[in-house]
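**Student:** Quick one: the structure is below, questions incoming.
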Amino acid sequence: MVNITIDNQKLQVPANYTILEAAREANIEIPTLCYLKDINEIGACRMCVVEVKGARSLQAACVYPVSEGLEIYTQSPAVREARKVTLELILSNHDKKCLTCVRNGNCELQKLSEDLNIKDIRFEGESGNYSLDNFSPSIVRDPNKCVLCRRCVSMCKNIQKVSVIDTNERGFKTIVAPAFNKSLNEVPCTMCGQCINVCPVGALKEKEDIDRVWEALDNPELHVVVQTAPAVRVALGEEFGMPIGSRVTSNMVAALKRLGFDKVFDTDTAADLTIMEEGTELIDRIKNGGKLPLITSCSPGWIKFCEHTYPEFIENLSSCKSPHEMFGAVLKSYYAEKEGIDPSKVFVVSVMPCTAKKFEAQRPELASTGFPDVDAVLTTRELARMIKEAGIDFKQLPEENFDDPMGEATGAGVIFGATGGVMEAALRTVAEILTGKSIEDIEYNEVRGVEGIKEATIEVADLKLKAAVAHGLGNARKLLDKIKAGEAEYHFVEIMACPGGCVNGGGQPIQPSSVRSWTDLRVERAKAIYEEDRALPIRKSHENPKVKMLYDEYFGEPGSEKAHKLLHTHYEK
Ligand code: HC1
């Protein structure tokens, strides 16, 4: 510990703290813009400058380490003026169309302007007049709004290890973009959208599908069904001011019904179906000498990364479609037949925590009935925008349930939304199939939590099943390199593109650095996921009565020819 003073307050703080961390502990707020704890600590934007006694110039609090006897002033006239000048310079060439910006009301630059009492901008900068990069099916990039904080660059380069965006040019011409100013669609972007989640302003956003969905809802010819991913229900509430980790499943269902969807289904049901197919595939590969490890295929960002960067693992990928794509195929075949609806009139909307799902839905091979399995993908944020636009009082909605005939899911389906969840759900089923016994202890804690790579050996019958879980593409790289080098061997591997899994997907509500830096969103949202699992009466996929019904009435058995036609896919090298 060291003794310091901040604004004449005496403090004792750990010796490895920065001034920013020390100030935060004393409830002294220092403004930041480029700072994001553990992701972007580069002291570039100079918003967090403070006076340090004895230093020749103002210092960036986010990178300046504390030391014994340090005297710091966070609100001196020089500090206040420096911050204002810096902010006015940033604003001088910023595209200030705040009223129509997707981040209106949730923009860190807007908040800073308010907090620092900016009334006038003393400088006039030249706007770059950059054109919009909206060619990707998932992500739109608007350099006119970029504040060059580099948070997206750090996320893409250091955390995801994908490195498709960086700073190009110099001085006033500096721009964050893919190399040679290409579109995100022309580089190996995985569309994970993590760059959007860390952007403090509206320079990065999802490709919106709201208008297409309103049009479908207004078209009396269409039967519009919606399905919601496991992770949406533990984050949507944040858009309505609820605490992080609130479970809002029934409010969400009620809101979707009020928006006018003909049926509201749960992607978790299809997650249970995925376990039946993927579990069967795993057992088959283990028993019959198939390619191992089997690697999960639910995360489209991971699939794209594998196709671009690790094509040698394509044969390891499970051939299962991701759950929402499976559900789409089921809705346009079994459900359409059962309800007597022309499949061409069934319009499937997926509400996902993920931007890569927009890209996935457009993959031509994901159209087993001759129509796209899924017609439109909305992120959690887009759904919130629709609910607000419709004037629905989200917090006051009555309890409502998912619709039949497929409105039931198990706890195993829910936990798909957190890293390790697909693995755990599969283990709950595979262990019972292999042992032929009912297993009571179904919580596999070894694969839970936010450690980058998790490993477990599970004894099932006479097999020691070796499993590994990686979340975030940087961790995926580490794990795959280890497997490639022959340093590790597994039967089953789960990979999710987003750090923390879908709960922290690129389409989830955006929390500012002031929250995100100090609260682990992955942990809080995952807690809610596991609570939901524990609250459900059935927690194993193979016990889901709706899934049993699907096999009895339609698919026959897992891995059948019909199941392969509708529920499985292939990948591109
Ligand atoms: Fe996911 Fe999945 S869990 S991929 O993480 O397998 O997006 O939530 O919907 O499809 O079920 C995302 C979440 C989601 C699929 C499922």
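**Student:** Dipole of the chain (Lys/Arg Cβ +1, Asp/Glu Cβ -1, origin at the Cα centre): which of LEU273, THR228, VAL50 lies farthest to the positive side?
**Tutor:** VAL50
**Student:** Please list, ordered by chain and number, the residues whose modelled amide H lies under 5 Å from the amide H of PHE347; skip anything fewer than 5 residues away on the same chain.
**Tutor:** So PHE347 has HN proximity to HIS223, VAL224, VAL225.
**Student:** Express in nm, to one decimal, how much length is gained between VAL523 and GLN75 on full extension, taking 0.36 nm for each residue of separation and deducting their alpha carbon distance.
**Tutor:** Working: separation 448, 0.36 × 448 = 161.28 nm, distance 3.42 nm.
Going from the current span to full extension adds 157.9 nm.
**Student:** Describe numerically, in nm with one decimal, the distance between label points set 7 Å from Cα along Cα→Cβ at GLU315 and at LYS437.
**Tutor:** Output for this residue pair reads 3.6 nm.
**Student:** Also, I was wondering about something else. Using only alpha carbon pairs under 8 Å that are at least six residues apart, calculate the relative contact order of the chain and give it in whole percent.
**Tutor:** On the way: 1147 pairs, mean separation 91.6, N = 573.
It rounds to 16 percent for the chain.
**Student:** Right, another one. How charged is the neighbourhood of LEU331? Take every other residue with its Cβ under 14 Å from the Cβ of LEU331, and add Lys/Arg as +1 and Asp/Glu as -1.
**Tutor:** Numbers: positive: LYS263, LYS321, LYS332, LYS338, LYS345, LYS546; negative: ASP262, ASP266, GLU325, GLU337, GLU339, ASP342, ASP373, ASP375, ASP403, ASP404.
Counting the neighbours of LEU331, the net charge comes to -4.
**Student:** Taking the Cα centre as origin and putting +1 on Lys and Arg beta-carbons and -1 on Asp and Glu beta-carbons, what dipole magnitude results for the range 342-433, to the nearest 20 debye? Walk me through the intermediate numbers first.
**Tutor:** Values: 9 positive and 15 negative charges, 96 e Å.
Charge dipole of the range 342-433: 460 debye, to the nearest 20.
**Student:** When only Cα pairs under 8 Å and 6 or more residues apart are kept, what is the percent relative contact order across the range 85-130? It would help to have the intermediate numbers written out before the result.
**Tutor:** Details: 23 pairs, mean separation 30.0, N = 46.
Relative contact order here is 65 percent.
**Student:** Any idea how far the Cα center of the range 53-99 sits from the one of the range 354-430, in Å?
**Tutor:** Centre-to-centre distance over Cα atoms comes out at 43 Å.
**Student:** Which FRET efficiency value, to the nearest 0.05, is calculated for VAL63 and ILE210 with the Förster distance at 30 angstrom and r the Cβ-Cβ distance?
**Tutor:** Details: r = 40 Å, r/R0 = 1.33.
Result of the calculation: an efficiency of 0.15.
**Student:** I'd like the Karplus ³J(HN,Hα) series for the range 470-483: coefficients 6.51, -1.76, 1.60, θ = phi - 60°, whole numbers in Hz, and an x wherever there's a Gly or Pro.
**Tutor:** Values per residue, Gly and Pro as x: 10, 10, x, 6, x, 5, 4, 4, 4, 5, 5, 5, 5, 5 Hz.
**Student:** Please sort 351-357, 101-107 by packing, taking for each peptide the average over its residues of neighbouring beta carbons within 10 angstrom, highest first.
**Tutor:** 351-357, 101-107
**Student:** Oh, and also: What does the charge add up to near THR457, with Lys and Arg as +1, Asp and Glu as -1, over the other residues with Cβ less than 9 Å from its Cβ? Intermediate values should be presented prior to the final figure.
**Tutor:** Numbers: positive: LYS464, LYS466; negative: GLU446, GLU455, GLU459.
Here the count lands on -1.
**Student:** Please give the per residue accessible area of the chain, computed with a probe of 1.4 Å over protein heavy atoms only, in Å². Walk me through the intermediate numbers first.
**Tutor:** Numbers: 23330 Å² over 573 residues.
Value for the chain: 41 Å² per residue.
**Student:** Once you have the Cα-Cα distance between LYS388 and PHE172, take 0.36 nm times their residue separation minus that, and quote the gain in nm to one decimal. Don't skip to the end; give the middle numbers.
**Tutor:** On the way: separation 216, 0.36 × 216 = 77.76 nm, distance 3.84 nm.
Residue separation times 0.36 nm, minus the Cα-Cα distance, leaves 73.9 nm.
**Student:** Could you work out the relative contact order of the range 213-365? I mean the mean sequence separation of Cα pairs under 8 Å and 6+ apart, divided by the number of residues, in percent.
**Tutor:** Values: 173 pairs, mean separation 48.7, N = 153.
After rounding, I find 32 percent.
**Student:** Let me ask something else. Would you mind getting me the FRET efficiency between GLN9 and ASN134? Use the beta-carbon distance for r and R0 = 51 Å, nearest 0.05.
**Tutor:** Plugging the Cβ-Cβ distance into 1/(1 + (r/R0)^6) gives 0.55.
**Student:** Probe 1.4 Å, all protein chains in place: accessible area of ASP462 in Å², nearest 10?
**Tutor:** Probe radius 1.4 Å; accessible area of ASP462 about 150 Å².
**Student:** When a/c reaches 1.5 or more, the comparison of a/b and b/c decides; with that in mind, is the range 103-219 rounded, prolate or oblate per its Cα gyration tensor? Each step should come with its number before you reach the end.
**Tutor:** On the way: a/c = 1.72, a/b = 1.15, b/c = 1.50.
Oblate is the answer for the range 103-219, as a/c is 1.5 or above yet b/c matches or exceeds a/b.
**Student:** Let me ask another. Over the range 54-143, what percent of the accessible surface lies on carbon and sulfur atoms, probe 1.4 Å? Working shown, then result.
**Tutor:** Working: 2680 of 5150 Å².
About 52 percent, which is the carbon plus sulfur part of the accessible surface.
**Student:** Could you give the length gained on full extension between SER514 and LEU89, defined as 0.36 nm per residue of separation minus the Cα-Cα distance, in nm?
**Tutor:** This chain segment gains 150.8 nm when fully extended.
**Student:** Additional query: Placing +1 at every Lys and Arg Cβ and -1 at every Asp and Glu Cβ, with all other atoms neutral, what dipole size does the chain have around its Cα centre, in debye to the nearest 20? Mind dumping the intermediate values first?
**Tutor:** Numbers: 69 positive and 84 negative charges, 367 e Å.
Dipole size: approximately 1760 debye.
**Student:** How much of the DSSP bridge set in the chain is antiparallel, in percent, rounded to the nearest 5?
**Tutor:** Working: 27 of 51 bridges.
Roughly 55 percent of the beta bridges in the chain run antiparallel, per DSSP.
**Student:** Roll a 1.4 angstrom probe over the protein heavy atoms and tell me the percent of accessible area of the range 254-403 that is carbon or sulfur.
**Tutor:** Details: 2100 of 4550 Å².
Carbon and sulfur together cover 46 percent of it.
**Student:** What size of dipole, in debye to the nearest 20, comes out for the range 394-460 about its Cα centre when the only charges are +1 on Lys and Arg C-beta atoms and -1 on Asp and Glu C-beta atoms? Let's see the in-between values first.
**Tutor:** Numbers: 5 positive and 14 negative charges, 38 e Å.
Here the size comes out at about 180 debye.
**Student:** May I pose another question? Using a 1.4 angstrom probe on heavy atoms only, work out the carbon and sulfur share of the accessible area of the range 486-573 in %.
**Tutor:** Working: 1800 of 3710 Å².
Of all accessible area on the range 486-573, carbon and sulfur atoms account for 48 percent.
**Student:** Another question, if that's okay. Do the alpha carbons of any pairs in LYS205/LYS388; LYS111/LYS161; LYS304/LYS357; LYS161/LYS527; LYS207/LYS388; LYS540/LYS565 sit beyond 21 Å of each other, and which pairs? Let's see the in-between values first.
**Tutor:** Values: LYS205/LYS388 18 Å; LYS111/LYS161 30 Å; LYS304/LYS357 11 Å; LYS161/LYS527 27 Å; LYS207/LYS388 19 Å; LYS540/LYS565 25 Å.
Among LYS205/LYS388; LYS111/LYS161; LYS304/LYS357; LYS161/LYS527; LYS207/LYS388; LYS540/LYS565, the Cα-Cα distance tops 21 Å for LYS111/LYS161; LYS161/LYS527; LYS540/LYS565.
The values are calculated or read from the model by the stated rules, or taken from the named source; none is laboratory data. This one's a predicted model, so the numbers in the text were calculated from it and none came from an experiment. Reconstructed Cβ throughout: ideal geometry from the backbone, glycine too, with neighbour counts over all protein chains shown. Keep in mind that these areas ignore ligands, DNA and RNA; they rest on the heavy atoms of the full protein, side chains included. Shrake-Rupley method; radii C 1.70, N 1.55, O 1.52, S 1.80 Å.
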